[in-house]
Each structure stands twice: as C-alpha cells, then as structure tokens.
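These notes are about the structure you will find just below.
Read-outs: derived from the displayed coordinates by stated rules, not from any lab. Everything numeric here is computed off the predicted structure, so don't read it as measured data. Virtual Cβ from ideal backbone geometry, glycine too; neighbours counted across all protein chains shown.
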Amino acid sequence: MGIIETQEKIRKLLADRNAILLAHYYQRDEIQDIADILGDSLALSIEAAKTTADVILFAGVQFMAESASILSPDKTVLLPRLDAGCPLADKITVEELKQAKSEHPDAMVVTYVNSSAQTKAHSDICCTSANAVRIVGSLDTDTVLMVPDGNLARYTAQFTEKKIIPWKGFCYVHNNLLPGDVLKVKDKNPGAPVAVHPECRPEVIEMADFVGSTGGILKFARETDAQKIIIGTEQGIMHQLKKDSPGKTFIPASDKLTCLDMKRITLDDILTSLLEMKHVVAVPEEIRVPANLALSRMLETSK
Ligand code: 13P
Ligand code: SF4
C-alpha cells in the first residue's frame, strides 16, 4: 500500500473509532502530516488532558503515551510500538530517586516529563522544556532536585536564585551535539542564528541565540527576521519548520541529531495499532494517582 492510501485508511479508522492522533515534532514526516494535533510535549499533554475522543493514539515515545493515560484514565491510549522508549527516562530508577530525596530532605523534586510514571509518582511536580523555568520559579522552596536531565537542570539554574541539584541523566541525541559541530556549521553560515533545545550541553547552550522546547524553536523561527537558522535539535522538526516558514532555510547543527526511538513508529504501525487496538498503555492506579498529581500541578502552573 502506498503512503497516501495508508494515510487515508488511518484517517478513516480514526473517525470510526472516535480516536485522535497526537504526534510529536520528531515523528516521521508522513505521520506528522496526518496528525490531529502536532506539538511539543507540553502541548500534547494539554491536549491529552482535555480531549473528548474515546481513543488517543500517540505517535511519540512511551513516556508521552503514559502521561496521556495518567491524565485521561478513562480513555484508551494506544502506542503503536512498545519499543519506542526514551533512554533519558531510564536514566533514573525509583530507588535512586528515593535515595536522592533522603540525601536532600529539604528539596522539592521537579521531574522532567521525559521520565517513567513511577518517577513522576515520587515527585512534587513535573515540567517540560517549555515551562521548566516557570515551574521552578513557582515553588515555595530554596532547593530543587531536578531529574532526570542534568542539562535541563543546569539551563534552568541560570534563571533562578534557588539551589538546583541536577541529576546525572542526559539525552543521547542532544548531548551528542558538541561545540565543535556548531562552530563548523556557524563558520559555513556566517550570521545565521543558532536555536537549540535545553537538553543540549551547557557549552552548546552558551553558543546559542535561542534556547527552547521544540514548540519554542518553531515560534522563534517564525518570528525572527533571519532567513537562515541553525537548528540544534532532533531532525524531525525540520518538516514543520519548513512548512511553517517556507521562505527560510534551516540548517541542522549536526548530522547526528536523530532519535531512533522517535523514528520507530511507521505509518503501517499506526494502521495496525488502530486495526487491532494495540498496544494499550495504562498505568496502575497506585502509581497513576500520585503521578497525576505531579502532572496536573504542572498543567495548572503553566496556564
Ligand atoms: P519537547 O518538550 O521540546 O517537545 O521535547 C521533547 C523531547 O523529547 C526532547 O528530546
Ligand atoms: Fe528521549 Fe532524547 Fe529521544 Fe527526546 S530526543 S525522546 S529526550 S532520547
């Protein structure tokens, strides 16, 4: 079956099942093109919390589908591939978090949504890359333990007087972007601003003209007068950047910026997922309830 035929079948099945397709900007182009909502982690969580659909089909990675199920437990949440994980989310275990909390009893725990439901359940509040600074600023505490992404924690620390204790996790995709890569691309494109994701290393963030979530990078690209922009995040975002700002040129900061997990889901997987109503993602109530508290506090603070 060709791409268009598969896309049409998927759209028809979505309608038949009263299902909504949520897709992240890092998904394959042909999936982004048929999404009901295409967004960054924050926008997709907001949508998952408020949709009236019966079924949420998540084209993203495990933690995103899990968050949708935590926020909307009465919906059926489908993830087309169970092996689409996020290695960053696996960089802290519940035992490690409990240990860190006991070492810093006065700290509040801010957990990046790129984490397991269990980690969220042991946290005070969640954040995404779009609202981390705001979330930390909203807390009535002097000390914050930020897990699992150390780079996001160090970036956030620049905007607060609070003491931030970063966990040691990182995203292999963004952490692989090195200052030398950015320098090379800058040399070839003099004057082009550099926009990067806060999961990048501090040395890379220092070189950037803009730092933000995937949604933030898209907004920056639309609004800047620059005609050429260097992009330091996963390459899937290029599709929407070009659609959004067709007259501008986008240059990847490196050719290594591919998240293999985000690319696992294909159109065929989505079709199978809808036909067979698999794989259902659900979180046990004893984990879901406290995880929901941390996620809902984040959504409330982001309003
Ligand atoms: P955003 O929250 O910016 O969409 O990022 C999600 C992600 O997985 C970044 O690697
Ligand atoms: Fe996880 Fe990094 Fe992939 Fe985002 S890009 S889903 S943080 S591994």
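Tally the DSSP beta bridges in the chain and give the antiparallel ones as a percent, rounded to 5.
Among the beta bridges of the chain, antiparallel pairing accounts for roughly 5 percent.
Kindly give Rg over Rh for the chain, based on alpha-carbon atoms, with the Kirkwood expression for the hydrodynamic radius.
With Rg and the Kirkwood Rh in hand, the quotient comes to 0.97.
Nearest 20 debye, what's the magnitude of the dipole of the chain about its Cα centre given +1 on Lys and Arg Cβ and -1 on Asp and Glu Cβ?
Values: 34 positive and 41 negative charges, 89 e Å.
For the chain, the charge dipole is close to 420 debye.
Put one equal scatterer on each alpha carbon of the range 52-206, apply the Debye formula with no solvent term, and list log10 I(q)/I(0) at q = 0.08 1/Å to two decimals.
-0.27
Report the one residue of Thr301, Ala226, Ile287 whose Cα lies farthest in the direction of the positive end of the charge dipole of the range 209-303 (charges on C-beta: Lys and Arg +1, Asp and Glu -1; origin at the Cα centre).
Checking the options against the dipole of the range 209-303, the answer is Ala226.
Rank Ala53, Leu97, His24 by how far each Cα sits towards the positive end of the charge dipole of the range 1-151 (+1 on Lys, Arg Cβ; -1 on Asp, Glu Cβ) and give me just the farthest.
Final value for the positive-end residue is Ala53.
Taking the Cβ of Ala121 as the center, what net charge do the other residues with Cβ under 15 Å away carry, scoring Lys and Arg +1 and Asp and Glu -1?
-1
Quick check: convex hull over the Cα atoms of the range 132-264, volume per residue in Å³, rounded to an integer?
Once divided by residue count, the hull of the range 132-264 is 112 Å³.
Considering only C-alpha atoms, what is the centroid distance from the range 171-216 to the range 50-74, in Å?
Their Cα centres are 31 Å away from one another.
Along the charge dipole of the chain, Cβ charges K/R +1 and D/E -1, which of Phe63, Ala130, Thr76 sits furthest on the positive end?
Ala130
Students often get this wrong: which residues of the range 248-292 have the backbone nitrogen under 12 Å from the point 7 angstrom along Cα-to-C-beta of Ala49?
Correct set: 292.
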